[in-house]
Each structure stands twice: as C-alpha cells, then as structure tokens.
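The values are calculated or read from the model by the stated rules, or taken from the named source; none is laboratory data. Being a predicted model, the structure only gives us computed values, none of them experimental. Positions of Cβ are backbone-derived with ideal geometry, glycine not excepted, and every protein chain shown enters the neighbour counts. Accessible surface areas use protein heavy atoms only, side chains included; no ligands, DNA or RNA. Shrake-Rupley method; radii C 1.70, N 1.55, O 1.52, S 1.80 Å.
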Amino acid sequence: MVPIDVVVEGKNGKETKSADSVLPEDIIYDLGYETIMMLKPYIEKAETILWNGPSGNYEKGFEEGTSRYRDWE
C-alpha cells in the first residue's frame with residue numbers, strides 16, 4: 001500500500017498534499033486523512049499488527065495520524 005495523501009512541511013508551512021504532488025523541498029511528516037481512512041478497514045479486521053513507532057513525527061507536532069489510530073480503540 002502506498003499513501004494517498006501526506007502531511008508535509010514546506011514553503012507554505014504545514015499542509016496536506018496528495019502523495020504525487022509532494023515537492024522536493026517538502027518534508028513528509030505524517031499520513032494524511034485519506035490514507036488513514038484507506039488503512040482503517042485493514043487495521044480493524046487485523047488480528048495482529050506489527051508496527052514500529054508512530055505514523056507521524058509527533059516530536060515536531062505531527063501527531064494527528066497516530067492520534068487517529070488511538071481513537072479507534
């Protein structure tokens with residue numbers, strides 16, 4: 001699976017972009033809402049998930065993707 005959208009920090013600050021519109025100067029910090037919704041059915045049906053770390057760089061304030069997963073419990 002490949003992300004549909006991502007949260008980046010670039011010349012316009014923090015914004016969500018489609019994965020194919022990320023510019024070379026953008027830094028990808030988190031999954032976008034559409035990507036999270038794409039993953040949701042797989043996560044809900046899974047019996048076991050192995051995941052290493054949060055989905056976003058929460059140390060820099062990009063915790064929305066991680067928080068959305070936590071809210072499903």
- Given +1 on the Cβ of Lys and Arg, -1 on the Cβ of Asp and Glu, and no further charges, what dipole in debye does the chain carry about its Cα centre, rounded to the nearest 20? 40 debye
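Filter the chymotrypsin sites (Phe, Trp or Tyr not before Pro) in the stretch 1-55 to those in DSSP coil with at most 13 other Cβ atoms within 10 Å of their Cβ, and list the result. Before the final figure, lay out each step's value.
On the way: sites: 29, 33, 42, 51; in loops: 51.
Passing both the DSSP loop test and the Cβ count: 51.
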- Message: Suppose only helical runs count, i.e. DSSP H with n ≥ 4. What mean residue ellipticity at 222 nm does that imply for the chain under -39500 (n - 2.57) per run, divided by all residues and rounded to the nearest 500 deg cm²/dmol?
- Response: -8500 deg cm²/dmol
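Whole number in Å², please: accessible area per residue of the chain, 1.4 Å probe, ligands, DNA and RNA not counted.
Working: 5290 Å² over 73 residues.
For the chain, the per-residue accessible area is 73 Å².
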- Task: Pop out the carbon and sulfur fraction of the accessible area of the chain as a percent, whole number, probe 1.4 Å.
- Result: 51 percent
- Note on the structure: Here the equivalent ellipsoid of the stretch 1-45, derived from its Cα gyration tensor, has semi-axes (largest first, whole Å) of 23, 9, 7
- Message: Tell me which GluC sites (Glu not before Pro) from the stretch 1-57 have a DSSP coil assignment and no more than 16 other beta carbons within 10 Å of their own.
- Response: 25, 47
- Item | Within straight-line cross-link reach of residue 45, aspartates and glutamates at Cα separation under 20 Å, skipping those fewer than 8 residues along the same chain | 34, 71, 73
- Message: Over the chain, what is the relative contact order in percent, taking alpha-carbon pairs closer than 8 angstrom and at least six residues apart?
- Response: 27 percent
